[in-house]
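Reviewing the structure listed below.
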Amino acid sequence: QETDEDVVLYCAVRDTGIGLTEEQMGRLFQSFSQADTSITRKFGGTGLGLAISKKLAELMGGEVGVDSELGKGSTFWFTARLGKGIGQRTKLALAGELQGKRVLVVDDNDSARQVLRDLLGGMSFKVDLAESGKDAIGSVDRAEAQGMPYEIVFLDWLMPGMDGIETAKLIRELPLSRLPHLMMVTAYGSEEVIKGAEEAGFDDVLVKPLSASVLFDAVARMLGGVADGVRTAVDEQSDAFAQLSTISGAHILLVEDNELNQEVAIDLLTDAGFVIDLAENGLIALEKLRHGKYDIVLMDMQMPVMDGISAAQEIRKEARFNDLPVVAMTANAMQGDRDLCFAAGMNDHVAKPIEPEELWKTLLKWIKPRQLPRGVKVMPRLTPEVALPNAIDGLDMAAGLRRVLGKKSLYLAMLKKFVGGQKNIAAEISRALAAYDQATAERLAHTLKGVAGNIGASGLQLMAENLETAIRESLPSQAVDESLAEIQSALAMLIDQLEAQLPDEPNTEAVLVDPEKLRRVCDKLELLLADDDAEASEIMEEHADLLSSAFAGHYRQIGDCIRAFDFEAALIALNAARATTS
């Protein structure tokens, strides 16, 4: 039953046990008494539980019942009248050209097939079903003959007779005009399964249970297509990047506790012409907001001391921050996680690993444009060419480079930080679990998921996601331990390979600085800064070697201030640098 305000929900649990007689069913929901010697008492009795359940269901406008056949099993059911939620349902709609595409779902489990069919049907796909690998091959063959091939074939991993991997291999051998995308769906997100899926030609692996948002994201990503190869910094200068000059110099408060994520975000944002202030957790962010002025806040979700949700709620309590945009950054891309962000008062959401193009679009959406001096435009810093490691198992370096705009030096630094920061992460998670500190264990798994995604270790990222879910949902300790052991093994292999190939830190010799030349350059720079002249940026670039050698740590600070057109701060930093070196 359904009205505008509520629904009557029917829930049932079916078993294939010993069943019940009519007499037993007649008194099943009565309060238990010790004089009862029926089979219900023999098997532990019903006690007061069922009688209380009956009363609860009635109080909720429903009822409780049982249908049973002796020797064959029982179905226990209840109904309850529940009010409809007031939240808006988010419709997951694909682009128009993707709607109506044909897909095939292959699973020996009837319930799993129906769930996937309903989810995909809701996204406007035409869905066919197959209950075995043999049926799937026949369906793909017939679809080809009819001139209506499938766009995607969803294959369960474990099926009797012919499993998903074997089925995929046989599909790839069919004489098809074009191969469908192959998506593995499995309850086992282990390294062995992922590796087997890659070898069999699968495009992606989804771990059950599936949610609509995870499925939607995977399908959109697959059918949207991604260009092969690594995009360079020049390739990445899209329309969004070109428009950044309208908001260059904006002050951004970056709230992030992970050092590797900090470095990636700061490098990308600084290169794009923004002024960055860093806060390691929500509490520090609140303190900085009360004493500084920012155009936008980029907020991680899971942090020690104070998380992103709590920090956002505190920000929204102060009226002076009503117009301050707060954007969530998190590896949890589920719709439910986004809803939590919005409920806490955040304005938008950027998924990790961060794709620069999406970040640029978000910043352009929320930061108010400003007028810049004529002739000024955003230019990426040139970075020296460096050699990357050879191919490493479990590491997609093309994906990692894409996320840092093709900057090899930054990517190399990320790999080094990953080794240093994550080498002992499995042991740290184990210690947290042993101390019954689930919150810390979950946060560490979440961090590993994010940084693994940043460098392109997608297999490790998926394992960390599975562990994070297992900890959050309090799965049996055996499942958590197995997931952690799997991560420990994969992480050890990856770090061993990285340590064997990553170059040692070079021994840099001091560069001789000509004091007279330095004085002349600094005098000119000082005059330009005092006149608020944007030519100061050109002087910094022209004499980068001289100034960086002479001023070391001050050099970057001066450059950041000039790029932000905060010439007064740049002048103060320059004078401080000259005083230190003299």
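Nothing in this text is a laboratory measurement; each read-out follows from the coordinates by a stated rule. Keep in mind it's a predicted model, so treat the numbers as computed, not measured. Glycine gets a Cβ as well: all are built from the backbone with ideal geometry, and neighbour counts include every protein chain shown.
Using θ = phi - 60° and the Karplus relation 6.51 cos²θ - 1.76 cosθ + 1.60, list the HN-Hα couplings for region 482-489 in order, rounded to whole Hz, with x at every Gly or Pro.
Rounded to whole hertz, the list is 5, 5, 5, 5, 5, 5, 4, 5.
Which residue, chosen from 500, 540, 429, occupies the Cα position most advanced towards the positive end of the dipole of region 429-568, where the dipole is computed from +1 (Lys, Arg) and -1 (Asp, Glu) charges on Cβ about the Cα centre?
429
Here are some pairs, 293/449; 352/417; 352/407; 288/407; 417/449; 288/317; which of them have Cα atoms lying more than 23 Å apart in this structure?
Numbers: 293/449 32 Å; 352/417 17 Å; 352/407 18 Å; 288/407 31 Å; 417/449 15 Å; 288/317 16 Å.
Over 23 Å apart, Cα to Cα: 293/449; 288/407.
Round to the nearest 0.05 the FRET efficiency obtained for residue 221 and residue 541 when R0 = 41 Å and r is the Cβ-Cβ distance.
My answer for the efficiency is 0.60.
Setting aside same-chain residues fewer than 8 positions from residue 524, which lysines have a Cα under 20 Å from its Cα?
none
With the dipole of region 239-284 worked out from charges on the C-beta (+1 for Lys and Arg, -1 for Asp and Glu) around the Cα centre, which of 247, 264, 275 lies farthest toward the positive end?
247
Which order results if 446, 291 are arranged by neighbouring Cβ count within 10 Å, fewest first? Before the final figure, lay out each step's value.
On the way: 446 24, 291 6.
Final ranking by Cβ density, sparse to dense: 291, 446.
Fewest Cβ neighbours within 10 Å first, please rank 418, 321 accordingly. If you can, show how the numbers build up before the last one.
Details: 418 24, 321 19.
With the sparsest Cβ surroundings first, the list reads 321, 418.
Evaluate the distance, in nm, between pseudo-label points positioned 7 Å from the Cα of residue 391 and of residue 213 along their respective Cα→Cβ axes.
Each label point lies 7 Å from its Cα, and together they span 3.7 nm.
Using a Förster distance of 41 angstrom, determine the FRET efficiency expected from the C-beta separation of residue 288 and residue 501, and round it to 0.05. Each step should come with its number before you reach the end.
Working: r = 39 Å, r/R0 = 0.95.
So, using R0 = 41 Å, E works out to roughly 0.60.
Using amide H atoms built in the peptide plane, which far-off residues or other-chain residues are under 5 Å from residue 349 H to H?
Those lying under 5 Å, H to H, from residue 349 are 328.
Can you compute the FRET efficiency between residue 482 and residue 427 using 1/(1 + (r/R0)^6), with r the Cβ-Cβ distance and R0 = 22 Å? Round to the nearest 0.05.
Values: r = 16 Å, r/R0 = 0.75.
Rounded to the nearest 0.05, the efficiency is 0.85.
Please list the non-local residues whose amide H lies under 5 Å from the amide H of residue 62, H modeled 1.01 Å from N, same-chain partners needing a gap of 5 or more.
Amide H neighbours of residue 62, under 5 Å, 5+ apart: 81.
What residues qualify as long-range amide H neighbours of residue 206, i.e. H under 5 Å apart, gap of 5 or more or another chain, H built at 1.01 Å from N?
For residue 206, the qualifying residues are 184, 185, 186.
Expressed as a rounded percentage, what relative contact order does region 397-501 have, with Cα pairs under 8 Å and six or more residues apart? Mind dumping the intermediate values first?
Numbers: 88 pairs, mean separation 29.2, N = 105.
Relative contact order for region 397-501 comes out at 28 percent.
Per residue of region 116-127, what does 6.51 cos²θ - 1.76 cosθ + 1.60 with θ = phi - 60° give for ³J(HN,Hα)? Whole Hz please, x for Gly and Pro, Karplus curve as stated.
Values per residue, Gly and Pro as x: 5, 4, 5, 5, 6, x, x, 9, 6, 7, 8, 10 Hz.
Quick one: what are the phi-derived ³J(HN,Hα) couplings along region 437-449, Karplus 6.51/-1.76/1.60 with θ = phi - 60°, whole Hz, x for glycine and proline?
Working through the residues one at a time gives 9, 5, 4, 5, 4, 5, 5, 5, 5, 4, 5, 4, 4 Hz.
Any chance you could run the full-extension gain for residue 439 through residue 21? It's 0.36 nm times the residue separation minus the Cα-Cα distance, nm to one decimal.
Details: separation 418, 0.36 × 418 = 150.48 nm, distance 4.81 nm.
Difference between extended and current length: 145.7 nm.
What's the extension gain from residue 81 to residue 11 if we count 0.36 nm per residue and subtract their Cα-Cα distance?
Values: separation 70, 0.36 × 70 = 25.20 nm, distance 1.16 nm.
Gain on extension, residue 81 to residue 11, equals 24.0 nm.
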